[in-house]
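Here the structure is laid out as structure tokens; the discussion comes afterwards.
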Ligand code: F6P
């Protein structure tokens, strides 16, 4: 007797807007088009370990005829971004088998995808990945779920901060997420009208940033400044002023660290305030772009499984969704801001200080 295919879905790593829209697309397409049963695995691999699965149907996702998942931030399945998953690899695979899953869709960023790739190979799972992260650093995909919303959130914050900065002749230092990848800082800085953008891939010098801010003031009459700094911004060795602070001491936050350095370097002539956007960047209602992407990725992931594909990640390339071997993705991630990224040239052409570009790390 033929039984219905049992498909699991989980979300792993830091959450972001658009995850629920992807879950919705997977459940709708798998159940309506292919008549599969779909099960949500709570808290990523922890749910597999604990052999937990929640049946998800198109009907159960409804709320008085509406489906709130499309525009709901976070993930209804919960997620984890820490833990020693690989220490429990056999128990996780045993959990997958106990749940009698025929296939699994995992939504994650580069860290989660690396772990899931190990698991799917060892467990011999039928597995497809969907990329998400506000860091936008997954290789071989032009878009990932969550980045567009986070970008708009940061730009909205910069719009607001610009008015108060201008009213008080202040320099606003705005710390955004991105420990190793500067895509969010670079793109939000350009779109939000920043004067300086400091990212992990291009070492900055405080002297360079300060003299740029002073030049804006002295030569162009601009009495305020906006500095966007990624949390993992990299200081150049030729950075100027000796200061009590060291990078190690910047556990208080990169924004605060840079504010102290700029204050020191400018001999207290600049009135500086710091805003740390933090997890606000991960929250909120997904943008239209993220809803579209999540829907397209969810559908494509289910179709790949229906075609018997496994060990692939759905990726956005040249205006369409394709399947790329997961190993290729994990071997080349995180995908950082590259020296030839045209947006660096764009920022420079707009007069934005983006660090010592001659020091760009390959
Ligand atoms: O990887 C996504 C991300 O949002 C990073 O930009 C950030 O550094 C990190 O997660 C924060 O993680 P946590 O939620 O553990 O504080």
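Bear in mind that the values in this text are calculations on the coordinates, not laboratory data. The structure displayed is predicted, hence computed values, not measured ones. Here the Cβ is made from the backbone with ideal geometry for all residues, glycine too, and neighbour counts use every protein chain on show.
Taking every alpha-carbon pair under 8 Å whose residues sit at least 6 apart, the chain reaches a relative contact order of 23 percent. Remark: the range 39-144 projects, on average over all directions, an area of 7.4 nm² (convex hull of Cα atoms).
Mark the label point 7 Å from the Cα of residue 218 along Cα→Cβ and return the residues of the range 157-187 whose backbone N is within less than 20 Å of it. Backbone N within reach: 169-172.
Extending 7 Å from the Cα toward the beta-carbon at both residue 142 and residue 280 defines two label points whose distance is 3.1 nm.
Secondary structure note: in the chain, about 25% of the DSSP beta bridges are antiparallel. Relative protection proxy for 64-71, 150-157, 128-135, from highest mean packing down: 128-135, 150-157, 64-71 (other beta-carbon atoms within 10 angstrom).
Between 0 and 90 degrees, rounded to the nearest ten: what's the tilt of helix 89-98 against the longest Cα principal axis of the chain? Relative to the chain, helix 89-98 is tipped by roughly 40 degrees.
Based on Cα contacts under 8 Å between residues 6+ apart, the range 156-234 shows a relative contact order of 45 percent.
Annotation: the antiparallel percentage among DSSP beta bridges lying fully within the range 33-176 is about 40. Among 224, 297, a tally of other beta-carbon atoms within 10 Å of each Cβ gives an order, fewest to most, of 224, 297. Compute the long axis of helix 147-168 from its Cα atoms, compare it with the longest principal axis of the Cα atoms of the chain, and write down the angle in degrees, 0 to 90, nearest 10. Once rounded, the angle reads 20 degrees. Subtracting the Cα-Cα distance of residue 50 and residue 122 from 0.36 nm times their residue separation leaves 24.1 nm of extension gain. Counted by neighbouring Cβ atoms within 10 Å, the residues 29, 212, 168 run from fewest to most as 168, 212, 29. The label point for residue 346 and the one for residue 91, both projected 7 Å from the Cα toward the Cβ, are 4.7 nm apart.
A straight line joining the Cα centroids of the range 27-91 and the range 1-20 runs 4 Å.
Springs between Cα atoms under 10 Å define the GNM used for the chain, and in it the highest mean-square fluctuation of 118, 324, 302 occurs at 118. When the Cα convex hull of the range 1-72 is projected onto planes of every orientation, the mean area is 5.6 nm². Starting from a Cα-only point model with no solvent, please compute log10 I(q)/I(0) by Debye for the range 66-124 at q = 0.21, 0.25 1/Å. For the range 66-124 at q = 0.21, 0.25 Å⁻¹, log10 I(q)/I(0) is -0.94, -1.17. Computed from the C-alpha gyration tensor, the three semi-axes of the ellipsoid equivalent to the chain are 43, 20, 17 Å, from longest to shortest. Sorted ascending by nearby beta carbons within 10 Å, beginning with the fewest, 218, 303, 84 become 84, 218, 303.
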